[in-house]
Amino acid sequence: MAQTMEHIMTYPGMDDAAVRSAMEGAVRIVRANLEKFTYGFKSSSSTDGFYEVIENVDWTNGFWTGAIWLAYEYTKEECFRDAALVHVDSFLERIEKKTAVNHHDMGFLYSLSCVAAYKLTGSEKAKRAALLAADQLAGRFREVGGFLQAWGNVGEPKEYRLIIDCLLNLPLLYWASEVSGDPSYAEKAESHIRTAMKCVVRPDYSTYHTYFINMETGEPDHGVTHQGNRNDSAWARGQAWGIYGIALSYRYLKNPEYMDLFCKVTDYFLAHLPEDLVPYWDFDFDTGSTQPRDSSASAAAICGILEMSQYLDEEKRTVYLAAADRMLRALADHCQNQDLQKSDGILLHGTYAKKTPTNTCLDIGVDECNTWGDYFFMEALTRRMKQWNPYW
C-alpha cells in the first residue's frame, strides 16, 4: 500500500476552507441553472461546455436532481427544494408510464431523485415513485445466474449479461426492503453482487465492464468491454463503479469479503493514477498521454472511499482518507469550473464514452462536463464536510 500511495502523497491535501469554497462554487452553478433546468433536464454531457435541455428520458437524469438536493442540504434554500420536487413529479410520471425504463439504471434515476426526496422531505409521492422503480429493477432479475440483466429485454440471449455499473443501482433494492418490509428486493441485490464479484473482478483486481452469463448453466461465461479501451483493459469509471458499488453493498450487508475486495480494487485505481491524480478515461493510459481524462471516475471513486472509510480500521482509514483528500484537491485544482461564461457544468474534463477499434461506443461527451461527474463531485464535498446520510 505504501508504494501505491507514494505518488499520491506528494500532492497537497485539501483543508476545510478549500472544501467549503469548492462547495460554494458548485452551489452557485446549480443555482444559476435552475431557471433553465427546473422544468427540463440536463443532457447527459455538455456540448462545448454547455448542457442542452432534454425531457426525462435518459438514464442520467437523476444526477442533476441529486445535485439540486445536495445544494438544498447545504443551503436550506427553498428554491432548491421546490425545483427538486418538480422533478419528483416528473419521475413519478415516468415510472408510472414506463417511459424509457427498460434497463437496470433505476437506482441512478430514483435513488438520487426520489429516495433523496423521501429522506429529506418525507414525500409520499417520492416514496411511491422509488418503490415502483424498485419493482421495475427487481423485474430484471434472472434466476439462472442470479443477477440483474443490464440492457435489452429480459432474457434476451444477446444481452444476458451484467455490467459493473449496476452495483450503484443495488441500494434502491436494499432501501425498498427497508421501507416496505419485503425482503425479496434485498435478496435480489445480494444475489447480484455475489454473481458480479465472481466475474467482474480480475486476478489483478482490475475490473471488466460487462460480463456475459451462460443462459443454460448460470455460470460466468466471458467478459468484454462496452466503454473501455479494450476487453482486457481497466475502464477508469468502471473501476470507480467497483469501488463505490462494493462500499455501498458493504454498508448494507457487512460482508467482510467485500471489505477486502474494496481495498484491492481501490488500490488498483490509486496505483494507476497519473501524476496530477486526474485519471485518464482508461487505465491503459498514464502520465504524458494525449488521451482524454475522466474526472467523473475520480469523483465517484472518492465517494466510495469516503463511504467505506467509516468501516475500516484506523490505519487503513487514515491512508485511504489521505488519498481521497488529495484526489479531491486535484479535481478542485484542475477540473472545477469557475466561469459560467465558459460552461454551465461543475466538473470539467469528463468523458462519457470514447470510441476505440475494440469497443462499441461512439465519441460522446469527450473532454466535457457530465451530470454524474457534477453530482459525485458535490457528493464528495458534502461527505468531506459532514457525516452525511446517503441517498443511496
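Observations, loosely collected:
- Restricting region 95-136 to chymotrypsin sites (Phe, Trp or Tyr not before Pro) that sit in a DSSP loop and have at most 16 other Cβ atoms within 10 Å of their own Cβ leaves nothing.
- Under the combined filter of DSSP loop state and at most 10 neighbouring Cβ atoms within 10 Å, region 165-243 retains these GluC sites (Glu not before Pro): GLU216.
- Additional length obtainable on full extension of the chain from ASP276 to GLU159, 0.36 nm per residue less Cα span: 38.3 nm
- Table column - 3J(HN,Hα) (Hz), region 256-272, Karplus curve with 6.51, -1.76, 1.60, x for Gly and Pro: x, 4, 6, 5, 5, 5, 4, 4, 6, 5, 5, 4, 4, 4, 5, 5, 9
- Of the solvent-accessible surface of region 203-319, computed with a 1.4 Å probe and all protein chains present, 44% belongs to carbon and sulfur.
- Under 19 Å from the Cα of LYS316 - aspartates and glutamates, other chains or at least 8 residues apart: GLU6, GLU257, ASP260, ASP267, GLU307, ASP325
- With the charge dipole of region 20-114 set up from +1 on Lys and Arg Cβ and -1 on Asp and Glu Cβ about the Cα centre, the Cα lying farthest toward the positive end among the listed residues THR60, LEU70, ILE95 is that of LEU70.
- Electrostatic dipole magnitude of the chain [Cβ: Lys, Arg +1; Asp, Glu -1; Cα centre; debye, to 20]: 560 debye
- Inter-label distance for GLU187 and GLN387, nm, one decimal - labels placed 7 Å from Cα along Cα-to-Cβ: 3.4 nm
- Loop sites in region 242-340: trypsin sites (Lys or Arg not before Pro), DSSP, at most 12 other Cβ within 10 Å: LYS254
- In the chain, taking the dipole from charged Cβ atoms about the Cα centre, the farthest positive-side position among ALA324, TRP392, PRO279 is held by TRP392.
- Heavy-atom accessible area ranking, 1.4 Å probe, most first, across LEU253, LEU172: LEU253, LEU172
- Compactness of the chain - radius of gyration and Dmax, Cα, Å: 19.3, 57
- Out-of-range pairs (alpha-carbon distance over 32 Å; input LYS36/LYS125; LYS97/LYS254; LYS98/LYS119; LYS125/LYS342; LYS125/LYS386; LYS254/LYS386): LYS97/LYS254; LYS125/LYS342
- Distance between modelled label sites at ASP15 and ASN255, nm, 7 Å Cα→Cβ extension: 4.3 nm
- For the chain, with +1 on Lys and Arg beta carbons and -1 on Asp and Glu, the positive-most of VAL200, LEU132, LEU248 along the dipole: LEU132
- Carbon + sulfur, % of accessible area of region 108-180 - ligands and nucleic acids excluded, 1.4 Å: 47 percent
The values are calculated or read from the model by the stated rules, or taken from the named source; none is laboratory data. These numbers were taken from a predicted model, which means no experiment stands behind them. Every residue, glycine among them, receives a Cβ derived from its backbone with ideal geometry; neighbour counts consider all protein chains shown. Note: areas computed on protein heavy atoms with side chains; ligands, DNA, RNA excluded. Shrake-Rupley method; radii C 1.70, N 1.55, O 1.52, S 1.80 Å.
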